[in-house]
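Trainee: Have a look at the structure that comes next, please.
The values are calculated or read from the model by the stated rules, or taken from the named source; none is laboratory data. Every value quoted in this text rests on a predicted model; they were computed, and no experiment measured them. Cβ atoms come from the backbone with ideal geometry, glycine included; neighbour counts cover every protein chain shown. Note: accessible area is taken over every heavy atom of the protein model, side chains too, but ligands, DNA and RNA are not part of it. Shrake-Rupley method; radii C 1.70, N 1.55, O 1.52, S 1.80 Å.
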Amino acid sequence: MGRENSNHGRGRTTEQGSDGLTSRRNVLRLAGIAGTGALAGCIGGAGLGGGQNIDTVTYGVLSPMTGPYGGLAEGQRNGAKLAVRHVNESDQFSFEMEAVYEDTEADTATGRQVAQKVVQQDDAQFLMGAISSSTALALNSFAANEEVVYNPGAAAMNITGAKCNEWVFRAETHTAQIAEAVAPWTANNVGTNVWFHIADYAYGQSVRREWKSRMSEASDDFTEVGVSRSQLGASNYGSYVSQISNSEADVAVLGMTGGDLINFTKQAANSGLKQDVELVSPTMTFQVVRNALGPAAYGTYGGVRYNAQVETGDNQEFVSAYRDAYGSTPDSFARVAYDSIRMTAHGIEEAGTNDPEAVKDTLPGLEVPSVFGPNKFRKCDHQATNPVWAGENVKPDSGDAARVALRKKVEGKNAIPPCGQTNCDL
């Protein structure tokens, strides 16, 4: 089992990078000059050359347990813990995995600080986490500077698009993959006069860009009626709801998630907006959103990154193990953490070392198991090829939380943009 928030005083030799942060790879290069044996303990006995027996792999799991995404982060952390247990109990892996858990608070600066702590003090060679795309982008650059492997838990396209780098491998489904499934379906089945309301940061901006492009391609009748923007973590959306209500929009696409989406949708339902305007969001089908909204979610639409009901890969084994461990059904964030760590663990095993440089050279294109079946991080952008669905929140047979009815599935190879369109070429 993994450890939580432990701090090992292993006496690591350090060298300052160009921005004042210690680089793990600089430490290892020094070790190569001085003789690898002196620092073998710092990397679990794997040494620098790869192909040796692996002792321990340490993951830093960085989730926004407090802040606007606190309700989503619990699943991410639980999924990570279950992945660590899976690795340690499976005979597929020859190493022991440990984990250090920290809170990013959905804040960019805090995210970098805790990442620095788990790498430099806790000897983490691998990182997973963040839900805020702005925080994930900061961790992208941190991973490149420190030369550690990072699995983002955020969905903005540019994380494995224009801002990609060779150290980043994402099992999360990004905004373009969701848009590929849901935006054309929305234009053809829900409406074409669209108002975009977004949380004004990397994720919301990515949603508008990807959905607008695909809806206009899907229908000549598509019209962007208007755009409004709110700050991340805002609480009063009355003025935006009024703008949409007084417009010609028949659809409002909401580039928001977590507490922002919940509060907006509640206020829209209470104002009567849902009677005239269909509400669609890439994250409207999330379990935490449906649980919080109750009947206010009925009749809304969203992208489906993951559904516990699907019979793909070893999903049902994952669902059973998660229920046994936590007494609840896993959500998309739990799935992302579980697959991120497990998929990377197969790359570590294949590389025969916990040296992040060897692992990042081994993972691209390597076919590995996932809850969606055989999967891989593409060579060109290190993005997982996940299937996606369009879904509708409908009234359940019992209880208040909406049930997700899957309306259309797009296979992973068809949902992901071609490499030439990602602005990333690794």
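Trainee: Which cross-chain or sequence-distant (5 or more) residues have an amide H under 5 Å from the amide H of TYR59, H modelled 1.01 Å from N in plane?
Mentor: Here GLU98, ALA99, VAL100 satisfy the definition.
Trainee: Enter the accessible area per residue of region 132-220 (Å², integer; probe 1.4 Å; all protein chains in place).
Mentor: 24 Å²
Trainee: Next question, about the same structure. Can you give me the solvent accessible area of MET65 with a 1.4 Å probe, rounded to the nearest 10 Å²?
Mentor: Rounded to the nearest 10, the figure is 60 Å².
Trainee: Give me the percent of the accessible area of region 103-223 that comes from carbon and sulfur atoms, probe 1.4 Å, all protein chains in place. If you can, show how the numbers build up before the last one.
Mentor: Values: 1200 of 3170 Å².
The nonpolar share, carbon plus sulfur, comes to 38 percent.
Trainee: Report the local net charge at VAL182: Lys and Arg +1, Asp and Glu -1, summed over other residues whose C-beta lies under 12 Å from its C-beta. All intermediate terms of the calculation are to be shown ahead of the outcome.
Mentor: Details: positive: ARG214, ARG305, ARG407, LYS408, LYS409; negative: GLU180, GLU210, GLU392.
Counting the neighbours of VAL182, the net charge comes to +2.
Trainee: Is there a pair in LYS81/LYS266; LYS212/LYS274; LYS379/LYS409; LYS117/LYS413; LYS163/LYS379 whose C-alpha atoms are over 27 Å apart, and which pairs would that be?
Mentor: LYS81/LYS266; LYS117/LYS413
Trainee: Put +1 on the Cβ of each Lys and Arg and -1 on the Cβ of each Asp and Glu in the chain; which of MET128, ASN158, TYR322 then has its Cα farthest toward the positive end of the dipole?
Mentor: ASN158
Trainee: State the volume of the convex hull built on the alpha-carbon positions of region 107-180, expressed per residue in Å³ and rounded to an integer. Provide the component values of the computation, followed by the final result.
Mentor: Values: hull volume 5.2 nm³, N = 74.
That works out to 71 Å³ per residue.
Trainee: I need the P(r) histogram for region 108-251: all alpha carbon pairs, bin width 10 Å from 0 out to the longest distance, whole percents.
Mentor: 11, 34, 28, 17, 8, 1
Trainee: So, in Å, what gap is there between the alpha-carbon centers of region 194-240 and region 359-424?
Mentor: Between the Cα centres of region 194-240 and region 359-424 lies a distance of 22 Å.
Trainee: Under 20 Å Cα to Cα from LYS395, which aspartates and glutamates show up? Leave out anything in the same chain fewer than 8 places away.
Mentor: List returned: ASP276, GLU278, ASP331.
Trainee: Can you tally the net charge around ARG214? Count Lys and Arg as +1, Asp and Glu as -1, for every other residue whose Cβ sits under 13 Å from the Cβ of ARG214.
Mentor: Neighbourhood net charge equals -1.
Trainee: Pick from SER141, SER63, SER247 the residue whose mean-square fluctuation is largest in a GNM of the chain, springs joining Cα atoms under 10 Å.
Mentor: Comparing SER141, SER63, SER247 in the GNM, the peak value goes to SER247.
Trainee: What fraction, in whole percent, of alpha-carbon pairs in region 230-361 exceed 22 Å separation?
Mentor: 51 percent
Trainee: Compute the convex hull volume of the Cα atoms of region 293-389, divide it by the residue count, and report the result per residue in Å³ as a whole number.
Mentor: Hull volume normalised by residue count: 125 Å³.
Trainee: Summing -39500 (n - 2.57) over the DSSP H runs of n ≥ 4 in the chain and dividing by its residue number, what mean residue ellipticity at 222 nm do you reach, to the nearest 500 deg cm²/dmol?
Mentor: Using -39500 (n - 2.57) per qualifying helix, the result is -12000 deg cm²/dmol.
Trainee: When the dipole is taken about the Cα centre of the chain, and only Lys, Arg (+1) and Asp, Glu (-1) are charged at their Cβ, what size is it in debye, to the nearest 20?
Mentor: 320 debye
Trainee: Would you please state the base-10 log of I(q)/I(0) at q = 0.06 1/Å for the chain, with intensities from the Debye formula using one equal scatterer on every alpha carbon?
Mentor: -0.24
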